[in-house]
1. Run K206 past the list (1) over 20 Å from the mean Cα position of the chain (by Cα); (2) within 12 Å of the ligand (Cβ to nearest atom); (3) of a type in the set (K, R) and report the number of the one that doesn't hold.
2. Going by what's in this entry, would L138 be described as away from the ligand (no atom under 14 Å from the Cβ) and buried (at least 16 other Cβ atoms within 10 Å of the Cβ)?
3. Could you look through the range 145-157, keep only residues that are within 9 Å of the ligand (Cβ to nearest atom) and crowded, with 19+ Cβ neighbours inside 10 Å, and pick out the one that is farthest from A133 (Cα to Cα)?
4. Pick out the one residue from E102, E89, E142, E163 that is part of a loop (DSSP other than H, G, I, E, B) and either on the phi < 0 side of the Ramachandran plot or touching a Lys or Arg at 6+ places or on another chain (Cβ under 8 Å) (or both).
5. Quick test for you: out of E199, E189, pick the one residue that is charged (D, E, K, R), out of contact with any strand residue (DSSP E or B) (no Cβ under 6 Å at 6 or more places or on another chain), modelled with pLDDT of 95 or more and farther than 14 Å from L17 by Cα.
6. Could you list all residues from the range 189-198 that are near the ligand (Cβ under 10 Å from one of its atoms) and in a loop (DSSP other than H, G, I, E, B)?
7. Of the residues that sit in the range 158-188 and are of a type in the set (D, E, K, R) and away from the ligand (no atom under 12 Å from the Cβ), which one is surrounded by the fewest Cβ atoms within 10 Å (Cβ to Cβ)?
Amino acid sequence: TPRVLSGIQPTADSFHLGNYLGALRQWVALQDSHEAFYCVVDLHAITVEHDPALLRRRTRVSAAQLLAMGLDQDRSTLFVQSHVPEHAELAWVLSCLTGFGEASRMTQFKDKSAKQGASAASVGLFTYPILQAADILLYSPEAGPGERVFQVPVGEDQRQHLELTRDLAQRFNHRFGETFVPPAAYIPETAAKITDLQEPAAKMSKSASSPQGILDVLEEPGPMRKKIMRAVTDTGTEVRYDEENKAGVTNLMRIYAALGETSYADIEARYAGSGYGQFKKDLAELVLDTFTPIRERTQKLLADEEQLDRLLAQGAERAGAVARRNMEIVRDRVGFVGRGR
Ligand code: TYM
């Protein structure tokens, strides 16, 4: 069976609609057709200043939300990155294969570090994409003859990190022999980039958007409706897909089409002549129909922390077995002496 791996940072009290449509919805769908590994990347979460108690809570809230969305330990493997120490180990090896200039070209680093002042950014933030490459390649199916499919379901903003991962896989293979299957990005066509409700030119982002610009998965119905009704549109009245001139409406249409499983033409026809009000009202109901059951299940899962931790331990066990096997091969290829038995 083809394999997928993906990760998400536990850096907010809730995931948002961009995470859901850009990535998480695909995670759930892929568990039936693929051998799937999904991780909550707490090592990545400490690349910026963080609060330990908050990180601990958000890691559990993240795992609970993923299970509430439909991830199932019997059909996929969900785990916490720091439970499998090989992630950090492989990251070191890969960092020794990455050029300084190559790492300096990562646009997410440039954006994030510009915000703090470049010299205030941590070295960890700089090497973040290399740790991400390690997350992925540690779960590479065995390389060699035969078609092996290895995909990474993510939003558009991760494309450059995936390119780096492919380059590192190929470089490693070239220097040390066929080891990794270079992974392919799996990016949804319609919802690859959900934008900020208040600033339709910017992506909806945990770190950059204002609360008014974000729709949280765990948001209560009242505020959820308000934010959608207040989403920035334009001075016109036409519900029409037009990225250039109607970025706000177009973003809302993308959300509508993805959640309502319908086409843009259909939405345009349905709201012809009725203005933005009814369209937004219906969109709010679509969002709530999707997120309300997830919010309720998340709360239930969080009520039994021990059970949640047990589920995560199961995931770590399975992921760890794959990671250890692959890391053993990497150590050998690189030339490290095996630890005698
Ligand atoms: P993170 O935690 O920032 O985001 C998680 C996922 O959500 C997608 N996403 C979006 N998609 C569409 N529209 C948006 N506005 C939007 N905002 C976020 C992201 O593309 C991502 O798929 N570096 C990764 C985490 C990571 C990872 C990995 C991913 C670490 N190791 C290994 C894949 C494989 C990240 O920042 O995700």
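The values are calculated or read from the model by the stated rules, or taken from the named source; none is laboratory data. Note that this is a predicted model, so its numbers are computed, not measured. Don't worry about glycine lacking a Cβ; one is built from the backbone with ideal geometry, like all the others, and counts go over all protein chains shown.
1. Evaluating K206 over (1) over 20 Å from the mean Cα position of the chain (by Cα); (2) within 12 Å of the ligand (Cβ to nearest atom); (3) of a type in the set (K, R) leaves (1) as the failure.
2. When the stated conditions are applied, L138 does not pass them.
3. Let us first name the residues in the range 145-157 that are within 9 Å of the ligand (Cβ to nearest atom), namely 152-157.
From what is left, the residues that are crowded, with 19+ Cβ neighbours inside 10 Å are 152-155.
Numbers: V152: 11, P153: 14, V154: 13, G155: 16 Å.
The residue in question is G155.
4. Working: E102 fails: part of a loop (DSSP other than H, G, I, E, B); E89 fails: part of a loop (DSSP other than H, G, I, E, B); E163 fails: part of a loop (DSSP other than H, G, I, E, B).
One residue alone meets the criteria, E142.
5. Values: E189 fails: modelled with pLDDT of 95 or more.
From the options E199, E189, the qualifying one is E199.
6. Answer for the range 189-198, where residues must be near the ligand (Cβ under 10 Å from one of its atoms) and in a loop (DSSP other than H, G, I, E, B): A191, A192, K193, I194, D196.
7. Taking the candidates together, the pick is R175.
Residue-by-condition table, conditions (1) near the ligand (Cβ under 10 Å from one of its atoms); (2) touching a residue at least 24 places away in the same chain (Cβ under 8 Å); (3) over 22 Å from L137 (Cα atoms):
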| site | (1), (2), (3) |
| --- | --- |
| F15 | yes, yes, yes |
| L21 | yes, yes, yes |
| Q31 | no, yes, no |
| C39 | yes, yes, no |
| L43 | yes, yes, no |
| V61 | no, yes, yes |
| Q81 | yes, yes, no |
